[in-house]
Amino acid sequence: MAAPPLDRLVLTHLLVALFGMGSWAAVNGIWVELPVVVKDLPEGWSLPSYLSVLVALGNLGLLVVTLWRRLAPSKGERVPIQGLLLLLPPSPPSLPAGGPGPGLRVGTPGAEEEEEEEEEVSPLQESPSQAAGTLGPDPKTSQLFSARGACLLGLLAVTNALTNGVLPAVQSFSCLPYGRLAYHLAVVLGSSANPLACFLAMGILCRSLAGLCGLSLLGLLFGAYLMALAILSPCPPLVGTSAGVVLVVLSWVLCAGVFSYVKVAISSMLHGWGRPALLAAGVAIQVGSLLGAVAMFPPTSIYHVFHSGKDCVDQCGS
């Protein structure tokens, strides 16, 4: 099959880039405003939990359409869109995404250029085997159903559940006891750590499952510290001190950076396995994000397990 014209390829890639940037700009723009409005809106400190659920539910639309087109394809021309799942912000961008979000890229590093030349797996193009109408199984697909593939998808789902649902839902409770400035720095610098981790993965990509699990455990340690601060809100350790502010901001930045690197590394490896793996990665991202967000909504917004502070009131007896 003849390659599409160059101008069509340029336009397609430009539209995909604008699609990804537009979705991230919209969510980032809302999320960085939270330190200013979270104390004034009716939801209070539970507002991040509401946003996490709404963003995850919003992304389910594309997931449902993608799965429907895969399970019940039409006879006419089809434009596969599962790769766009990797461009959407699956969560609040303070802990990207993947990405959702900054956080996830569909391409692979230079080490896989020869593999890409053999069979292009761009989410906006049909693979050569599908274009030719062949029904034979893709050799790369077998890797997806191996133990390694299952571990990578499971790790991708768990990391997205943590970074796109669990931790963002309690970010206000972990940061606001240290002041609005701490919350603002955690959101802005955490969002900046995401793309920096992605650029790092472009040069240094970990392909070891043990290495990725080790990095995930490191990120989990930072996440556990942040969760402990949220549970102890409004009187966490070192409240009212500069050391407390530095520790909470640094923990959010490192947690965001480590988990972003893990998600990018996993997505890059799965991308090299072909379009089925790319679809599976998108499903794992969105399902993990939704489960994490939904799981944290009752304790934060219904049962009020985490407690918010009050302005001009010293609740810690300092």
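The values are calculated or read from the model by the stated rules, or taken from the named source; none is laboratory data. For clarity, every value in this text was computed on a predicted model and none was experimentally measured. Cβ placement follows ideal geometry from the backbone for every residue including glycine, while neighbour counts extend to all protein chains displayed. For the accessible areas, the whole protein counts, side chains as well, though only heavy atoms, and no ligand, DNA or RNA atoms are used. Shrake-Rupley method; radii C 1.70, N 1.55, O 1.52, S 1.80 Å.
Some notes on this structure:
- Checked against the criterion of being hydrophobic (A, V, I, L, M, F, W, C) and more than 17 Å from the chain's Cα centre (by Cα), region 249-260 contains one or more residues that satisfy it.
- Looking across region 1-53, the residues that are in a loop (DSSP other than H, G, I, E, B) and open to solvent by 20 Å² or more (accessible area, probe 1.4 Å) come down to Met1, Ala2, Ala3, Pro4, Pro5, Val32, Glu33, Lys39, Asp40, Leu41, Pro42, Glu43.
- Filtered residues of region 190-219 (kept if in a helix (DSSP H, G or I), closer than 13 Å to Ile266 by Cβ and among the hydrophobic types (A, V, I, L, M, F, W, C)): Ala197, Cys198, Ala201, Leu209, Leu212, Cys213, Leu215
- Complete set of residues in region 265-316 that are assigned to a helix (DSSP H, G or I) and basic (Lys, Arg): Arg275
- Residue check, Leu229 in a helix (DSSP H, G or I) and either among the polar types (S, T, N, Q) or more than 18 Å from the chain's Cα centre (by Cα) (or both): yes
- Flag if Phe297 is buried (at least 24 other Cβ atoms within 10 Å of the Cβ) and at pLDDT 95 or above: no
- For region 201-238, the set of residues classified as under 29 Å from Gly149 (Cα atoms) and surrounded by 16 or more Cβ atoms within 10 Å (Cβ to Cβ) consists of Ala201, Leu205, Cys206, Leu212, Leu215, Ser216, Gly219, Leu220, Phe222, Gly223, listed by residue number.
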